[in-house]
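Would you mind keeping the following structure in view while I ask a few things?
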Amino acid sequence: MPRTTTLECPGCPPLRALTFDSLGLIKVIEARGEDGGVPKVVERWGDPHSSKCVLAASIDDSQNDPLLAVARKNGLTDILNPLNGDLRVAISNAGDSGAQPEDDGIFGLHLFKRQREESSSRSRTLLTCTTKGKASMRSIEVTKVSAESSCSTVKSWNVCASGTIAFSKVDISEKFSLFGGKGVEVNVWDLDKCEKIWTAKPPPKNSLGIFTPTWFTSAAFLSIDDHRKFVAGTNDHQVRLYDTSAQRRPVMSFDFRETPIKAVAEEPDSFNIYIGNGSGDLASVDIRTGKLLGCFIGKCSGSIRSIARHPTLPIIASCGFLEAAS
């Protein structure tokens, strides 16, 4: 799950990405030269251990005091400095029910920017959602000294009654969020009110009378100004376009290759999207027509699990199993 940054600091190369692995390591990857060059791992943060496996990550790459949130398998969410890896605060996900964090890990994570821009305090808001659908918004007081930081739960609710949450996605305004997963139809929530405002309806049975079970794997909002349009990928290698103002079923859908869709990313100010699947195929598609614009040269090794678009340059980064970043 790469995260790109636009920070301009002395000695920082043109291209820099952060990746995370199953042993909990955070790897800093840099590419130098006029054309970026070959990406290389220049730093590793943390001590490797299977219990520290990274499940989700979210970054606020603001120039003033940037922060990185990392959710781990052991139930801790670390807030770090993305420039040097220094830990600012660690938050426990242990609940009152006594369930082990390993049985209900965090797969949805978002570090808010909106509250920070509207306030001069050091208070930050963090959205988390576990695989069983337990969502919460927490207020975090982040200071320069980690021992003085504090955390309190502001709101909590259940996203689903059954099924397994696989992802969550917050729109650019940070007022709405998508949730979906295995046995969970993709749905939209108003984060200010913590209310569900829309739920997708599954497609009808095919010509053979076969119904495909619900299994969403990823999603992305299409427009900066409109949260009503988004695209979602499924485990049965299908990409679906939804418009919540039009209908509950997909406006259009198409199949991509033969393995599950694992990652979806939007192209800013465009109708193009990037999709990656379980066999390492990475492609660009015009979501209005489903037309394949092109596949990226070279076969990515392993399943693609994350795609990140550089905020200013025409560059994307992808990573997944058996590969670091490309």
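The values are calculated or read from the model by the stated rules, or taken from the named source; none is laboratory data. Here the structure is a predicted model, which is why all the values come from computation and not from measurement. In this analysis, Cβ positions are derived from the backbone assuming ideal geometry, glycine residues included, and neighbour counts consider all displayed protein chains.
Identify, please: which residue in the range 163-188 is without any contact (Cβ under 8 Å) to a residue 40 or more places away in the chain and out of contact with any Pro (no Cβ under 9 Å at 6 or more places or on another chain) and is, among those, surrounded by the fewest Cβ atoms within 10 Å (Cβ to Cβ)?
Our first condition is that a residue be without any contact (Cβ under 8 Å) to a residue 40 or more places away in the chain; within the range 163-188, this holds for 164, 183, 185, 187.
Still in the list and also out of contact with any Pro (no Cβ under 9 Å at 6 or more places or on another chain): 164, 187.
Working: T164: 16, N187: 18.
Here the residue is T164.
Shifting gears a bit: Among the residues of the range 230-272, what is the count of those that are in a strand (DSSP E or B), surrounded by 14 or more Cβ atoms within 10 Å (Cβ to Cβ) and of a type outside the set (A, V, I, L, M, F, W, C)? First the steps, then the outcome.
Filtering the range 230-272 for residues in a strand (DSSP E or B) gives 230-234, 238-243, 252-255, 261-266, 272.
Imposing the further condition that a residue be surrounded by 14 or more Cβ atoms within 10 Å (Cβ to Cβ) reduces the set to 230-234, 238-243, 252-254, 261-266, 272.
So of that shortlist, the ones also of a type outside the set (A, V, I, L, M, F, W, C) come out as 233-234, 238, 240, 242-243, 253, 262, 266, 272.
Final tally of qualifying residues: 10.
Collect the residues in the range 33-74 that are more than 25 Å from L15 (Cβ to Cβ) and either under 18 Å from the mean Cα position of the chain (by Cα) or part of a helix (DSSP H, G or I) (or both), keeping them in residue-number order. Quick ask: steps written out before the conclusion?
Step one: filter the range 33-74 for residues more than 25 Å from L15 (Cβ to Cβ), giving 47-53, 55, 71-74.
Listed by number, the residues that qualify are S50, S51, K52, C53, L55, A71, R72, K73.
Of S207, S223, S218, which residue is among the small types (G, A, S), in a loop (DSSP other than H, G, I, E, B) and in contact with a strand residue (DSSP E or B) (Cβ under 8 Å, 6 or more places away or on another chain)?
Numbers: S207 fails: in contact with a strand residue (DSSP E or B) (Cβ under 8 Å, 6 or more places away or on another chain); S218 fails: in a loop (DSSP other than H, G, I, E, B).
So the residue among S207, S223, S218 that is among the small types (G, A, S), in a loop (DSSP other than H, G, I, E, B) and in contact with a strand residue (DSSP E or B) (Cβ under 8 Å, 6 or more places away or on another chain) is S223.
Just give me the residues in the range 248-280 being polar (S, T, N, Q) and farther than 19 Å from N206 by Cβ, in sequence order. So that I can check it myself, show each step before the final result.
Kept after step one, since they are polar (S, T, N, Q), are these residues of the range 248-280: 253, 259, 270, 272, 277, 279.
Scanning the range 248-280 gives T259, S270, N272, N277, S279.
In addition: Given the criterion in the same structural domain as T259 (by TED's automatic domain parsing), under 25 Å from L282 (Cα atoms), of a type in the set (S, T, Y) and free of Cβ contacts under 8 Å to residues at least 40 places away in the same chain, identify the matching residue among S218, S223.
The unique qualifying residue is S223.
Find the residue count for the range 150-194, including only residues that are among the acidic types (D, E) and in contact with a Phe, Trp or Tyr (Cβ under 7 Å, 6 or more places away or on another chain).
Looking only at the range 150-194, we keep the residues that are among the acidic types (D, E), and these are 171, 174, 185, 190, 192.
Pick out the ones that are also in contact with a Phe, Trp or Tyr (Cβ under 7 Å, 6 or more places away or on another chain) and you get 171, 174, 190.
Going through the range 150-194 one residue at a time, the tally reaches 3.
Same structure again: Could you list, in sequence order, all residues of the range 84-138 that are at pLDDT 80 or above, assigned to a loop (DSSP other than H, G, I, E, B) and loosely packed, with under 15 Cβ neighbours inside 10 Å?
Across the range 84-138, the qualifying residues are N84, D86.
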